[in-house]
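The structure appears below as C-alpha cells.
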Amino acid sequence: MIAIGLTGWGDHPDVYSSVTTAKDKLFDYSGHFPVVELDTSFYAIPSVENVEKWCKETPDSFLFVVKAYQGMTGHLRDELPFETKNDMFNAFRACIDAFRKHGKLAMVLVQFPPWFDCQTKNVNYIHYIKKQLANYPVAIEFRNQTWYSSQMKDKTLAFLKDNDLIHVVCDEPQAGSGSVPFVPVATHDKVLVRIHGRNVHGWRNIGHAENWRKVRFLYDYNEEELQQLSEQVRLLNKQAKHVVVVFNNNSGGHAAKNAKRMQQMLQIEFENLAPKQLGLFEE
C-alpha cells in the first residue's frame, strides 16, 4: 500500500477551499491526502488535548507521521524544558499514545542532525531511543553520509532491520557530508520516503539568514524526476507492506502539486478521505 502526503497541513494553499479558515485547514487537507507529517512536534511536544482534536477532525483511516521532539534527537541547543529526560520521554509517549488510541499513528520519525555520524556512541544512542520508544513503530532518518559509506551502508541497513527500525529513504540535495544518498531499501514492513527537493544552494545555507526555511526546501520537481521517484516508490512497495511518501519541498509551495502528480503517475486513488469543502459560489 502506498500513501502520499505532505509535511504539515497549515501552508498548502492548493488544498484549501476559498472559504477555509485556519481551524479548518486540517479538515481540508484530509480531503486530499490520507497521511501527514506532524513536524510541529519537533519544536514542542503537543498536548494530548490537541492530539485528540486533530484525531477527531480527520477521517478514521487518516494517519500521522509524528516527528520526534528535538530534545530526543540531539538538535536542541537550549536547556531542556523538562526536569529530566524521563519527563521528556513520558510527555512524548503520552502524545503518541493519544494518536495510537485512535489508530492514527503511522510511525514516529526520529531525524538525527548532520553531526550525528556513524560511531559507537551514536549506535548506542539509537538503542536508547529504541528502548524509550519500545512497542512503537520508529523510523530513523540520518543526515550524515558516514552511515551510507561503502564500508558501512550494508551494516547500517542490517542494523536497522535487526532492531525492527524503519528506514527513512531521502531524496535531497547532494551537498557534502550533511546530506545522504538516495538508498531505496526497506528494513521493516513499513518504509518512509521523504522528498526534500534538490536545491543544493539552499541546503548549504541554513542558518545564514532568518528566512533559511524559505530557501532550504525551495524546489519544484520536473516530470522526469517525479517519474524516476515514482518508479522507486513502486519498487519499495514490493519490499514493504506500507510505503509512506512525504513531500517536504514546500518553501515555494510546490509540495502539494508534486505529490498530486506522483499520485497520478502511480495511478492511486485514496479512499475514505474527508469530503472536500466547496467555495462560497461553487456547486
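One table, with the values for the structure above:
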quantity: Subset of the stretch 46-97 (residues that are within 27 Å of Leu273 (Cβ to Cβ), assigned to a helix (DSSP H, G or I) and out of contact with any strand residue (DSSP E or B) (no Cβ under 9 Å at 6 or more places or on another chain)); calculated: Val48, Glu49, Asn50, Glu52, Lys53, Lys56, Glu57
quantity: The stretch 99-114, residues that are in a helix (DSSP H, G or I) and crowded, with 21+ Cβ neighbours inside 10 Å; calculated: Phe99
quantity: Count - residues of the stretch 138-173 that are over 13 Å from Asp117 (Cα atoms), surrounded by fewer than 17 Cβ atoms within 10 Å (Cβ to Cβ) and aliphatic (A, V, I, L, M); calculated: 1
quantity: Residue check, Val48 surrounded by 14 or more Cβ atoms within 10 Å (Cβ to Cβ) and either touching a His at 6+ places or on another chain (Cβ under 9 Å) or among the hydrophobic types (A, V, I, L, M, F, W, C) (or both); calculated: yes
quantity: One residue from Leu80, Leu38, Leu26 being free of Cβ contacts under 8 Å to residues at least 40 places away in the same chain, among the aliphatic types (A, V, I, L, M) and surrounded by fewer than 17 Cβ atoms within 10 Å (Cβ to Cβ); calculated: Leu80
quantity: Segments classed as helices (runs of 4 or more DSSP H), wholly inside the stretch 181-283, with at least 1 members that are modelled with pLDDT of 95 or more and of a type in the set (A, V, I, L, M); calculated: 223-239, 255-266
quantity: Test: Phe64 is among the aromatic types (Phe, Trp, Tyr), touching a residue at least 60 places away in the same chain (Cβ under 8 Å), closer than 22 Å to His196 by Cα and surrounded by 17 or more Cβ atoms within 10 Å (Cβ to Cβ); calculated: no
quantity: Residues being part of a helix (DSSP H, G or I) and touching a residue at least 12 places away in the same chain (Cβ under 8 Å) - total across the stretch 141-157; calculated: 7
quantity: Complete set of residues in the stretch 228-269 that are of a type in the set (S, T, N, Q) and either surrounded by 20 or more Cβ atoms within 10 Å (Cβ to Cβ) or within 16 Å of Arg194 (Cα to Cα) (or both); calculated: Gln228, Ser230, Gln232, Asn237, Asn248, Asn249, Asn250, Ser251, Asn258, Gln263
quantity: Given (1) touching a Cys at 6+ places or on another chain (Cβ under 6 Å); (2) at positive phi, number of the condition Lys104 does not satisfy; calculated: (2)
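The values are calculated or read from the model by the stated rules, or taken from the named source; none is laboratory data. In this text the structure is predicted, and so the values were computed from the model without any measurement. Cβ: placed from backbone, ideal geometry, glycine included. Neighbour counts: every protein chain shown.
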